[in-house]
Amino acid sequence: MPDLPGGHVDKINITVMRNQSTQVNDIESGKLNWIFDPPPTDRYTQTKEKYEGTQFRTEPTISTYYFWMNQERPPFDDVKVRQAVNYAVDPDALVRIYSGQLAPTQQILPPGMPGYEKLNLYPHDMAKAKQMIKEANPSDMDITVWTDSESPNNDAGAYYQDVLNELGFNAELKILNADNYFTVIGNETTPDLDTGWSDWFEDYPHPNDFFQPLLSADSIQPTNNQNFSRTELPEVEKKVDQLGQELLGPEQEKGYAEVDKEYMEAAPWVPYGTRTLSTFVSSDINLDNIIWNPTFEDDFTSIEFK
């Protein structure tokens, strides 16, 4: 590929390690040369301040972090309930939970994606959210919240549980191992799939990558489902299909911005941020030469020893 080196090392050994704190320790000791995961939130600021510019670098992504709400079952079959939850969740609070590794947003398309136009349909307003829940009078107030065990997604799930409880729901939090989280919530036989955490990073730089796999009726599958909110909006899907057949340009980007707004008016998700990741390497790696791609992340062919 152009602009990419041919490689600087003879062999790369990959170790699978879930404990993010241990990863940081092993980078500091030189046992590892590079890690995929960011430092855990309780060590992120310290690590960044100590190593930024020499071994540590923040990296932008094209991503959306969100809470999904299952529209096929109460209470989230009511759009007023879903809109109320959007008003209740405070993206700025989640920025703090993520130790600043998040830029707040309230829509499906992230900054940097063609078609992105900033929306602010649901400015944080807990009083308004509570009034909307009171008016909607949901028939089922017992709900299950799902998230994975990876920091800080587990803390984000706990925050979301607290918000729902403040709205008057009886929310139970289920934290699953990150290795099988999406397999479990993507299986329609899993009981109590009411609402939970998810994220999406671009596979390719086109708005369809955020709409078709995540929000189209065709994406609702018995297993490996990715439309966790089980959203079906036929008229909006027709627009997405039509736009997808056209060459992406200013007119099409405007159309995708309108689609983004229409989906958010239906409120299948509570989007709360776009993620910043990091490159963190041992002291014997040349940080300056590592190439970051917002789709593919760190390019291994650019990693070299000093």
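Read-outs: derived from the displayed coordinates by stated rules, not from any lab. None of the values given here were measured: they were computed from a predicted structure. As a convention, Cβ positions derive from the backbone with ideal geometry for all residues, glycine included, and neighbour counts pool all protein chains shown.
Some observations on this one:
- When GLN83, GLN106 are screened for being among the polar types (S, T, N, Q), in a loop (DSSP other than H, G, I, E, B) and farther than 23 Å from MET17 by Cα, only GLN106 passes.
- Looking across THR183, THR189, one residue alone is touching a residue at least 24 places away in the same chain (Cβ under 8 Å), surrounded by fewer than 18 Cβ atoms within 10 Å (Cβ to Cβ) and outside any loop (DSSP other than H, G, I, E, B). It is THR183.
- Residue list for the stretch 150-199, restricted to those being farther than 20 Å from ASN224 by Cβ, within 17 Å of the chain's Cα centre (by Cα) and β-branched (Val, Ile, Thr): ILE175
- Boolean, VAL79 is farther than 30 Å from LEU119 by Cβ and of a type in the set (A, V, I, L, M, F, W, C): no
- Selection count where residues are in a loop (DSSP other than H, G, I, E, B), over 19 Å from THR190 (Cβ atoms) and charged (D, E, K, R), scope the stretch 225-249: 2
- Filter result for LYS134 (over 14 Å from ASP78 (Cβ atoms), part of a helix (DSSP H, G or I) and not hydrophobic (A, V, I, L, M, F, W, C)): no
Okay, residues lined up against (1) free of Cβ contacts under 8 Å to residues at least 60 places away in the same chain; (2) among the aromatic types (Phe, Trp, Tyr):
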position	(1), (2)
GLN212	yes, no
GLN245	yes, no
GLY249	yes, no
GLY255	no, no
GLU262	yes, no
THR279	no, no
LEU287	no, no
TRP292	no, yes
THR295	no, no
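- Only a single item in (1) crowded, with 19+ Cβ neighbours inside 10 Å; (2) more than 30 Å from LEU167 (Cβ to Cβ) is not met by PRO5, and it is number (1).
- Exactly one residue out of PRO74, PRO60 is within 17 Å of the chain's Cα centre (by Cα) and either closer than 23 Å to TYR272 by Cβ or surrounded by fewer than 19 Cβ atoms within 10 Å (Cβ to Cβ) (or both), and it is PRO60.
This table checks each residue for (1) more than 15 Å from ASN70 (Cα to Cα); (2) in contact (Cβ under 8 Å) with a residue 60 or more places away in the chain.
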residue	(1), (2)
SER151	yes, yes
TYR204	yes, yes
SER216	no, no
GLN221	no, no
GLN242	yes, no
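- Candidate set: the stretch 86-103, residues that are in a helix (DSSP H, G or I) and of a type in the set (A, V, I, L, M); chosen: the one farthest from the chain's Cα centre (by Cα): ALA88
- When the stretch 200-224 is filtered for residues that are crowded, with 17+ Cβ neighbours inside 10 Å and not in a helix (DSSP H, G or I), the ones remaining, listed by number, are TRP200, PHE201, GLU202, HIS206, PRO207, SER216, ILE220.
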